[in-house]
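Student: Here's a structure for you.
No value in this document is a laboratory result; all are computed from the given coordinates. No experiment lies behind these values; they were computed from the predicted model shown. Note: ideal-geometry Cβ built from the backbone for every residue, glycine included; neighbour counts use all protein chains shown.
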Ligand SMILES: Cc1cc2nc3c(=O)[nH]c(=O)nc-3n(C[C@H](O)[C@H](O)[C@H](O)COP(=O)(O)OP(=O)(O)OC[C@H]3O[C@@H](n4cnc5c(N)ncnc54)[C@H](O)[C@@H]3O)c2cc1C
Ligand code: FES
Ligand code: FES
């Protein structure tokens with residue numbers, strides 16, 4: 001049994017958030033499930049939809065996604081679809097039409113789940129979050145403190161997020177799960193690569209669901225810059241991630257299965273990136 | 001908390017408990033019994049309603065969130081005689097126990113409003129959030145094609 005508030009200003013919202021044992025509600029697709037399962041039991045639920053909904057905007061190579069923007073809003077935005085095809089692919093694999101009509105990218109970050117598909121995208125697209133009321137801008141991966149935990153002060157919340165366009169990159173994204181629709185990933189992998197002829201100019205690699213949060217190793221990525229894009233190189237990469245990643249066993253899969261998949265998906269990414 | 005919203009084209013005002021789900025409110029208080037509870041966690045789509053033109057799971061919405069919004073349930077489509085989709089489901093025998101049917105019809109309605117001539121793939125994607133334990137989906141897809149373009 002909670003009380004419900006729907007504030008209309010940033011200040012009102014942050015005061016309520018600081019004052020009560022509370023949870024923010026945007027799409028509610030995560031919150032409603034957790035409250036019903038009694039995983040969480042907040043005293044107060046604060047609906048963010050009372051704040052005026054801003055437009056999705058583009059500034060040079062960046063997109064700004066404001067509070068209360070749903071996945072469906074993004075998929076209905078032609079410029080977004082043209083400029084962020086990999087993120088479109090990722091979003092289309094989140095939930096179902098009913099879920100995408102309500103759920104928001106900011107809620108996915110708020111969830112801080114290692115299986116968060118949009119969260120994984122923010123690791124690859126240089127994601128920033130704008131925090132209110134402090135007006136800070138922070139890298140999204142720095143916000144994540146562990147499963148379900150954000151590094152925010154009691155009065156703070158995410159007001160918008162920003163992603164950077166990856167022009168001239170090839171991409172691969174795969175989410176392995178038990179069903180097609182509504183899949184919470186057992187493991188997922190996203191790779192972005194920019195080539196100069198056969199030479200790797202830039203590469204970004206993120207795994208989901210294999211650790212307490214999305215996993216990205218900058219040193220391994222940096223180590224392949226300037227090398228030839230080849231099967232051998234991806235075999236090496238597969239070994240490196242296999243050694244470094246230590247997933248857990250849970251209801252969806254065993255640690256052992258996940259570890260094998262870490263390797264196999266990396267090899268698969270080579271064949272897929274090589275095709276197009 | 002008092003909420004005012006449009007239900008099936010009519011203005012409604014009601015005092016709801018703050019923690020009540022839209023699903024329970026619509027079923028118990030508004031007597032819209034086409035809105036079913038299957039899983040209660042966003043997976044099955046039996047509780048699908050149309051909220052501001054979009055299909056959503058009413059088990060994941062609070063009743064208070066309906067304030068100021070526009071909601072349609074299957075009862076409303078019946079009242080205004082918009083039964084083309086229902087008729088197609090009957091015609092094609094896309095119903096067995098019928099538990100999932102209202103949810104499917106609401107999702108079909110939104111799909112066809114947006115895309116009057118969907119391909120089989122688009123139909124499958126549009127109905128991805130609705131589960132049926134009985135039919136095996138073939139007849140449901142036939143029904144949607146029939147509703148869309150009278151395809152036998
Ligand atoms: C059937 C089903 C299928 C799903 N499939 C997927 C899937 O495939 N992939 C996936 O990643 N997720 C999936 N999800 C989980 C969920 O839908 C997504 O994580 C979604 O993006 C959450 O957004 P929301 O707006 O509904 O969040 P909410 O439930 O409203 O909020 C989620 C969390 O974020 C916090 N929060 C909300 N707004 C803010 C803010 N502005 N600042 C700080 N914290 C905030 C909330 O307090 C809460 O803790 C699924 C859920 C269901 C029910
Ligand atoms: S009862 Fe709402 S989706 Fe199953
Ligand atoms: S007809 Fe029985 S669940 Fe679909």
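Student: What angle, in degrees between 0 and 90 and rounded to the nearest 10, separates the Cα long axis of helix B:138-149 from the longest principal axis of the Cα atoms of chain B?
Tutor: The angle comes out at about 90 degrees.
Student: Using the alpha carbons of the stretch B:33-152, what is the convex hull volume per residue in cubic angstrom, as a whole number?
Tutor: Considering the Cα atoms of the stretch B:33-152, their hull volume per residue is 98 Å³.
Student: Provide A:124, A:74 in ascending order of the number of other Cβ atoms located within 10 Å of each residue's Cβ, fewest first.
Tutor: Going from sparsest to densest Cβ surroundings: A:74, A:124.
Student: Now for a separate question. If you fit an axis through the alpha-carbon atoms of helix A:255-275 and take the longest principal axis of the Cα set of chain A, what angle between them do you get, 0 to 90°, nearest 10?
Tutor: So the inclination is approximately 70 degrees.
Student: Among DSSP bridges having both ends in the stretch B:2-152, what percentage is antiparallel? Round to the nearest 5.
Tutor: If I count the DSSP bridges inside the stretch B:2-152, around 85 percent turn out antiparallel.
Student: Can you give the FRET efficiency to the nearest 0.05 for residue B:12 and residue A:61, using r as the Cβ-Cβ distance and R₀ = 45 Å?
Tutor: Efficiency computed from Cβ-Cβ geometry: 0.45.
Student: Under a crude label model (7 Å from the Cα following the beta-carbon direction), how far is residue A:52 from residue A:164 in nanometres?
Tutor: Simple spin-label model gives 3.1 nm for this pair.
Student: While we're here: Tell me, how many Å apart are the Cα centres for the stretch B:1-39 and for the stretch A:205-276?
Tutor: 47
Student: Next up: Points 7 angstrom from Cα along the Cβ direction at residue B:97 and residue A:9: gap in nanometres?
Tutor: Each label point lies 7 Å from its Cα, and together they span 5.3 nm.
Student: Between helix A:231-244 and chain A, what is the angle of the helix's C-alpha long axis to the longest principal axis, kept within 0 to 90° and rounded to the nearest 10?
Tutor: 50
Student: What whole-number volume per residue, in cubic angstrom, does the convex hull of the C-alpha atoms of the stretch A:66-185 give? Spell out each step's value before the answer.
Tutor: On the way: hull volume 12.5 nm³, N = 120.
Per-residue hull volume (Cα only) is 105 Å³.
Student: Only helical DSSP H runs with n ≥ 4 go in: add -39500 (n - 2.57) per run for chain B, normalise by residue count and round the 222 nm mean residue ellipticity to 500 deg cm²/dmol.
Tutor: -9000 deg cm²/dmol
Student: Across peptide B:55-64, how many C-beta atoms of other chains are within 10 Å of each residue C-beta, on average?
Tutor: Details: counts 5, 11, 9, 1, 4, 12, 6, 9, 1, 5.
What the average comes to for B:55-64 is 6.
Student: Multiply the residue separation of residue A:230 and residue A:37 by 0.36 nm, subtract the distance between their alpha-carbon atoms, and state the gained length in nm to one decimal.
Tutor: 64.7 nm
Student: Separate question: Summarise the partner chain shielding of B:118-125 as one whole number: the mean count of Cβ atoms from other chains within 10 Å of each residue's Cβ.
Tutor: That average works out to 1.
Student: Just report the Cα centroid separation between the stretch A:93-147 and the stretch A:24-48, whole Å.
Tutor: The stretch A:93-147 and the stretch A:24-48 have Cα centres separated by 16 Å.
Student: For chain A, just list the percent of Cα-Cα distances falling in each 5 Å bin from zero outward, please.
Tutor: 1, 5, 12, 17, 18, 16, 13, 9, 5, 3, 1, 0, 0
Student: Per DSSP H run of at least 4 residues, take -39500 (n - 2.57); add these up for chain A, divide by its residues and hand me the 222 nm value, nearest 500 deg cm²/dmol.
Tutor: When only DSSP H runs of four or more count, the value is -10000 deg cm²/dmol.
Student: At 0.36 nm per residue, and after removing the present C-alpha to C-alpha distance, how many nm does the segment from residue B:117 to residue B:1 gain when stretched out fully?
Tutor: 37.5 nm
Student: Sticking with this structure for a sec: Plugging the Kirkwood radius over Cα pairs into Stokes-Einstein for the stretch B:98-152, at a temperature of 20 °C and a viscosity of 1.002 mPa s, what D comes out in µm²/s?
Tutor: Taking Rh from Cα pairs, D becomes 193 µm²/s.
Student: Whole angstrom only: what separates the Cα centroid of the stretch B:78-111 from the Cα centroid of the stretch B:119-151?
Tutor: So the separation of the two Cα centres works out to 11 Å.
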